[in-house]
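This report refers to the structure that appears directly beneath it.
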Amino acid sequence: MNDDLPDGGPAPGGAPPDPSVAANAGLSSESHEHPGTPEAFQGDSTAPTTAPSEGWSAPPAGDAATEQSDPGAVESPAAVEEPEPDTRRPLPRVMAIANQKGGVGKTTTAVNLGACLAELGYRTLVVDLDPQGNASTGLGINVRALEASMYDVLLDDTPLEDCLEASSVRNLFVAPASLDLAGAEIELVPAFSRELRLRHAIDSVKEDFDYVLIDCPPSLGLLTINAFAAATEVLVPIQCEYYALEGLGQLVRNVDLVKRNLNDALEISTIVLVMYDARTKLADQVADEVREHFGDKVCRQIVPRTVRLSEAPSFGQPIITFDPSSRGAIAYRQLAKEVSGGPS
Ligand code: ADP
Ligand code: MG
């Protein structure tokens with residue numbers, strides 16, 4: 001479905017990686033505690049008036065008009081909101097972004113949520129576990145020129161640290177995938193501790209990051225099992241369209257299976273509604289249905305369907321650098337605040 005990426009990596013317009021960031025790839029192991037009282041992360045995720053806190057740049061005023069179709073943009077009751085209690089989970093958080101359907105926004109969410117978490121100051125790693133390598137190319141990595149990739153990590157015991165690439169966004173790193181990863185699904189079958197390879201690899205770098213987001217392939221095979229065994233949380237993007245919930249039973253069962261057999265800590269923690277089209281009633285119905293099903297695991301912030309979000313990957317950029325004031329950029333920024341509980 002997503003074949004429109006260029007062959008040779010990012011277009012010339014793509015920002016070059018920041019060498020100072022590359023130097024950081026050696027990874028410090030400073031701790032990432034949240035000092036002091038957290039900024040109040042106030043409830044209404046779509047109203048920009050509730051958002052600003054240090055380090056967060058508000059969208060330019062001129063963009064306000066483009067936000068009008070934002071779902072659920074209720075007017076905020078004038079001020080006196082109680083600050084919410086700090087519900088932030090301990091860092092580092094390792095999240096598998098999974099849905100066995102293709103084209104539902106897994107990679108778009110991995111890339112853009114990752115970039116926005118990095119912008120909030122969290123050291124973030126996107127692990128590309130899809131042989132298509134879309135998360136890698138979407139973050140400006142030329143997957144044809146890699147010295148090491150996730151294939152080598154999973155099958156040749158290459159240390160994960162050796163395959164990390166810096167992205168053009170400060171604090172954001174990528175463990176890239178290339179097509180050879182397709183073979184891993186089969187080559188892993190006879191391998192020793194085949195389900196735990198990714199967990200061991202991530203364990204070795206985990207303390208250097210606040211967030212590790214694993215972009216899963218559209219299947220529930222061994223690669224996704226590796227992601228579930230390595231993660232403590234599963235984030236499921238759900239498209240606001242017909243059949244959105246179809247097949248999710250299978251995903252829930254697989255998460256359960258891994259939880260019982262390999263990884264007691266695993267849970268589906270986060271559901272993100274994506275590709276929301278405010279013009280269709282159907283999108284609202286699907287959103288309601290998903291909320292009935294998954295309750296408060298469903299993020300308040302919904303990601304709208306916007307052309308800019310689909311254009312950004314072919315420039316090797318996340319939406320926040322490709323079009324910082326677009327609706328997609330605003331949505332993913334708000335989502336990152338909601339998921340993380342605010343700036344680091
Ligand atoms: P997956 O990783 O689940 O296969 P992708 O993130 O690659 O899905 O998304 C599938 C296609 O839809 C891609 O071409 C992507 O650019 C596009 N897309 C994803 N999210 C949006 C969105 N919110 N608005 C418009 N296009 C989107
Ligand atoms: Mg994908």
Review point. Within segment 129-137, is even one residue part of a loop (DSSP other than H, G, I, E, B), within 11 Å of ligand 2 (Cβ to nearest atom), buried (at least 22 other Cβ atoms within 10 Å of the Cβ) and of a type in the set (S, T, N, Q)?
Key: yes
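For segment 184-196, enumerate the residues that are surrounded by fewer than 23 Cβ atoms within 10 Å (Cβ to Cβ) and either within 17 Å of the chain's Cα centre (by Cα) or under 20 Å from residue 100 (Cβ atoms) (or both).
Restricting attention to segment 184-196, the residues satisfying the condition of being surrounded by fewer than 23 Cβ atoms within 10 Å (Cβ to Cβ) are 185-196.
Result: 185, 186, 188, 189, 194, 195.
Okay, residues lined up against (1) touching a residue at least 40 places away in the same chain (Cβ under 8 Å); (2) away from ligand 1 (no atom under 14 Å from the Cβ); (3) under 21 Å from residue 138 (Cα atoms):
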{"site": "281", "(1), (2), (3)": "no, yes, no"}
{"site": "292", "(1), (2), (3)": "no, yes, no"}
{"site": "295", "(1), (2), (3)": "no, yes, no"}
{"site": "301", "(1), (2), (3)": "yes, no, no"}
{"site": "307", "(1), (2), (3)": "no, no, yes"}
Check your understanding: If you take the residues in segment 159-185 that are in a loop (DSSP other than H, G, I, E, B) and of a type in the set (D, E, K, R), which one is farthest from residue 132 (Cα to Cα)?
Key -> 170
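Please go through segment 138-158 and pick out each residue that is of a type in the set (Gly, Ala, Ser) and part of a helix (DSSP H, G or I). Walk me through how you get there before you give the answer.
Applying the first criterion (of a type in the set (Gly, Ala, Ser)) to segment 138-158 yields 138, 140, 145, 148-149.
Correct list: 138, 145.
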Review point. Of the residues that make up segment 219-232, is at least one under 22 Å from residue 162 (Cα atoms), away from ligand 2 (no atom under 16 Å from the Cβ) and not in a helix (DSSP H, G or I)?
Key: yes
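Scan 245, 235 and give me the residue that is crowded, with 16+ Cβ neighbours inside 10 Å and within 16 Å of ligand 1 (Cβ to nearest atom). Spell out the reasoning first.
Numbers: 245 fails: crowded, with 16+ Cβ neighbours inside 10 Å.
It is 235.
Inspect segment 205-214 for any residue being within 16 Å of ligand 1 (Cβ to nearest atom), modelled with pLDDT of 95 or more, touching a strand residue (DSSP E or B) at 6+ places or on another chain (Cβ under 9 Å) and within 28 Å of residue 140 (Cβ to Cβ) and give the result as yes or no. Steps first, please.
Filtering segment 205-214 down to residues within 16 Å of ligand 1 (Cβ to nearest atom) leaves 213-214.
Adding the requirement that they be modelled with pLDDT of 95 or more leaves 213-214.
Next, only the ones that are touching a strand residue (DSSP E or B) at 6+ places or on another chain (Cβ under 9 Å) stay: 213-214.
When the remaining residues are screened for being within 28 Å of residue 140 (Cβ to Cβ), the result is 213-214.
Scanning segment 205-214, I find at least one residue that is within 16 Å of ligand 1 (Cβ to nearest atom), modelled with pLDDT of 95 or more, touching a strand residue (DSSP E or B) at 6+ places or on another chain (Cβ under 9 Å) and within 28 Å of residue 140 (Cβ to Cβ), so the answer is yes.
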Practice item. Inspect all residues belonging to segment 148-158 and state whether any of them is buried (at least 17 other Cβ atoms within 10 Å of the Cβ), of a type outside the set (A, V, I, L, M), farther than 20 Å from residue 320 by Cα and modelled with pLDDT under 95. Key: no
Practice item. Among the residues of segment 89-102, write down those that are surrounded by 15 or more Cβ atoms within 10 Å (Cβ to Cβ) and not small (Gly, Ala, Ser). Key: 91, 92, 93, 94, 95, 97, 99, 100, 101
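Yes/no matrix, rows are residues, columns are (1) more than 16 Å from ligand 2 (Cβ to nearest atom); (2) within 20 Å of residue 87 (Cα to Cα); (3) touching a Cys at 6+ places or on another chain (Cβ under 7 Å):
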{"residue": "247", "(1), (2), (3)": "no, no, no"}
{"residue": "261", "(1), (2), (3)": "yes, no, no"}
{"residue": "309", "(1), (2), (3)": "no, no, no"}
{"residue": "323", "(1), (2), (3)": "yes, no, no"}
{"residue": "342", "(1), (2), (3)": "yes, yes, no"}
**Study point:** Residue that is nearest to the chain's Cα centre (by Cα), among those in segment 302-344 that are polar (S, T, N, Q), more than 15 Å from residue 274 (Cβ to Cβ) and assigned to a helix (DSSP H, G or I)
**Key:** 340
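The values are calculated or read from the model by the stated rules, or taken from the named source; none is laboratory data. Predicted model only: the values in this text are computed from it and were never measured. When we count neighbours, we look across all protein chains shown, and the Cβ atoms used for this are built from the backbone with ideal geometry, even at glycine.
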